[in-house]
Amino acid sequence: MVGMVGMVGMVGVAGAVPTGATSSREAKLARPEAMVEAMAAAREDEAKLAAEVDEVFDSFDEDHGGYLDAAEAKAMVKTLQDIANQAASERRAKEAEARAVRGRANRLGLLLAREAERASGGHQCHLQLFEC
């Protein structure tokens, strides 16, 4: 609770008035609520992450002893490494596809620019929104 009091004091010093606040006092009261909500959301995210980690751990703790023996740890590392490798491979494939699409778009843009230049009789208009 002491930490929260210090944080409220810092908000009062900052003097930021949120939109819609009619007085400095309302602004000070509104800010701690936002901070409390953000802290609650962070605690909730942390709890979700801890539950996810526990779930992953439990999936590799075959004897449910609460510890991973060498074989269980090795299986976990291998599985997680395989998942990471698959994700990296998928990322590289998407990056290559994006480069190919950008290349095709650039070539198409150059072709359209040349065609427009020929159609205009050689007159170059770099930003042709209207007839030149």
Here, ARG43 and SER89, labelled 7 Å along Cα→Cβ, have an inter-label distance in nm of 4.4
Once GLU52 and ALA98 are pulled to full extension, the length gained, defined as 0.36 nm per residue separation minus their Cα-Cα distance, is 13.3 nm
Using the Cα gyration tensor of region 66-123, the equivalent ellipsoid's semi-axes, largest first and to the nearest Å, work out to 55, 6, 4
In order over region 104-119: 3J(HN,Hα) from phi, Karplus 6.51/-1.76/1.60, θ = phi - 60°, whole Hz, x for each Gly or Pro, gives 5, 5, 5, 4, 5, x, 5, 5, 5, 5, 5, 5, 5, 5, 5, 5
With x for Gly and Pro, the residue-by-residue ³J(HN,Hα) of region 53-70, computed from phi through the Karplus equation 6.51 cos²θ - 1.76 cosθ + 1.60 at θ = phi - 60° and given in whole Hz, is 4, 4, 5, 5, 4, 4, 5, 9, 7, 4, 8, 6, x, x, 9, 9, 7, 4
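Since every read-out is calculated from the coordinates, none of them should be taken as a lab result. Since the structure is predicted, the reported quantities are computational estimates derived from the model, not experimental observations. Every residue, glycine among them, receives a Cβ derived from its backbone with ideal geometry; neighbour counts consider all protein chains shown.
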